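One structure below.
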Amino acid sequence: MTTTHAYGAARAQRAELWRPSGVPQGVVVLVHGGYWQAGFDRSLEARIAHDLVTRRWAVWNLDYRAVGDGGDWPGTFADIAAGADLLITVAKDAGLALDCVVTIEHSAGGTLALWLAARHRLSSGTVGASPALHPVAAVSQAGVNDLAAGSAARLGGGAVDAVMGGSPLEVPDHYRVSDPATLVPLGVPQLVVTGRGDPLVPVEQSQSYAAAAKAAGDRVDLVLTASDDHFAHLNPHSTEWAAVIEWLQHQPSTS
């Protein structure tokens, strides 16, 4: 069963709740990628959402405004925070327990999945601070996990600067409260998975973030596959997605 819920007036400010038959083993918050650009939406995650439902997970498939469509700083991050927190109300009305919430996402969404798990570290008054929803684990698939490095490398043709409102030198405060690499330790188990030959988000984004998070005290599992397919993570039959499912099954908080 799938229902759609609004957390704002814009068309993109929507989320879908997917529910399995029977009692779910937890809730996954999915956040799609697309370098935060217009033209991409939560439909990218439909196959993954369906696979999770068959495995008895409820899914909160979260959309957000893109750059140029209200997602300019701090719009994208404000949307993700508001959309995630709406799940509290929806779950209560649906009788859905939220003691096991995992954020999972792909590419630019990987940034946001980690950030959702880091919001408790933000100072009051900061965009996304004082979260209502508290994930117990986070997964980044081929994610832009280090925004400052992504800015320097001009990933996505400057997509990082576009969503952040400038470079780290121009708007350091934006990066300080949004870059997962600066917010570690997140305090929850994390999986970082990517292909060694990914042409769109280089493997170094996963390797450097995992090293920084571990050094800060986080428990992080880094899985590198032989793939050069950035979009394999959206295929429920891929090696990359199998790694996510296996990892979920071995987390004490999700078993």
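The values are calculated or read from the model by the stated rules, or taken from the named source; none is laboratory data. Everything numeric here is computed off the predicted structure, so don't read it as measured data. No Cβ is skipped: glycine too gets one built from the backbone with ideal geometry, and neighbour counts run over all protein chains shown.
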Looking at the stretch 80-97 only, could you name the residues that are of a type outside the set (A, V, I, L, M) and closer than 13 Å to residue 62 by Cα? 83, 85
Looking at (1) in a loop (DSSP other than H, G, I, E, B); (2) within 19 Å of the chain's Cα centre (by Cα), which is the only condition residue 50 fails? (1)
Please specify each residue of the stretch 64-77 satisfying the condition of being touching a residue at least 12 places away in the same chain (Cβ under 8 Å) and either more than 16 Å from the chain's Cα centre (by Cα) or more than 11 Å from residue 112 (Cα to Cα) (or both). 65, 66, 67, 68, 69, 70, 71, 72, 73, 74
In the set 232, 243, 211, the lone residue that is surrounded by fewer than 18 Cβ atoms within 10 Å (Cβ to Cβ), of a type outside the set (Asp, Glu) and not in a loop (DSSP other than H, G, I, E, B) is 211
Residue pairs qualifying under the 7 Å Cβ cut-off, at least six apart or on distinct chains, with the first in the stretch 9-38 being under 22 Å from residue 232 (Cα atoms) and without any contact (Cβ under 8 Å) to a residue 12 or more places away in the chain and the second being assigned to a loop (DSSP other than H, G, I, E, B) and of a type outside the set (Asp, Glu), are none
Among what's in the stretch 159-178 and is farther than 13 Å from residue 108 by Cα and among the acidic types (Asp, Glu), pick the residue that is farthest from the chain's Cα centre (by Cα). 170
Can we say residue 143 is within 10 Å of the chain's Cα centre (by Cα) and either among the acidic types (Asp, Glu) or modelled with pLDDT under 95 (or both)? no
Take the residues in the stretch 123-135 that are within 18 Å of residue 73 (Cβ to Cβ) and out of contact with any Phe, Trp or Tyr (no Cβ under 9 Å at 6 or more places or on another chain); name whichever of them is surrounded by the fewest Cβ atoms within 10 Å (Cβ to Cβ). 125
Hey, residue 177 hits all of (1) within 26 Å of residue 74 (Cβ to Cβ); (2) touching a His at 6+ places or on another chain (Cβ under 8 Å) but one; which does it fall short on? (2)
Report yes if residue 101 is under 14 Å from the mean Cα position of the chain (by Cα), among the aliphatic types (A, V, I, L, M), surrounded by 23 or more Cβ atoms within 10 Å (Cβ to Cβ) and closer than 20 Å to residue 159 by Cβ, otherwise no. no
Go through the stretch 182-207 residue by residue and tally those that are small (Gly, Ala, Ser) and crowded, with 22+ Cβ neighbours inside 10 Å. 2
It is to be established whether one or more residues within the stretch 68-89 are of a type in the set (S, T, N, Q), touching a helix residue (DSSP H, G or I) at 6+ places or on another chain (Cβ under 8 Å), part of a helix (DSSP H, G or I) and surrounded by 22 or more Cβ atoms within 10 Å (Cβ to Cβ). yes
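Suppose the filter is of a type outside the set (Gly, Ala, Ser), in contact (Cβ under 8 Å) with a residue 40 or more places away in the chain, assigned to a loop (DSSP other than H, G, I, E, B) and out of contact with any helix residue (DSSP H, G or I) (no Cβ under 6 Å at 6 or more places or on another chain); does residue 96 pass it?
Here the answer is yes, as residue 96 does meet what is asked.
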It is to be established whether one or more residues within the stretch 158-181 are surrounded by 22 or more Cβ atoms within 10 Å (Cβ to Cβ), touching a strand residue (DSSP E or B) at 6+ places or on another chain (Cβ under 9 Å) and assigned to a helix (DSSP H, G or I). yes
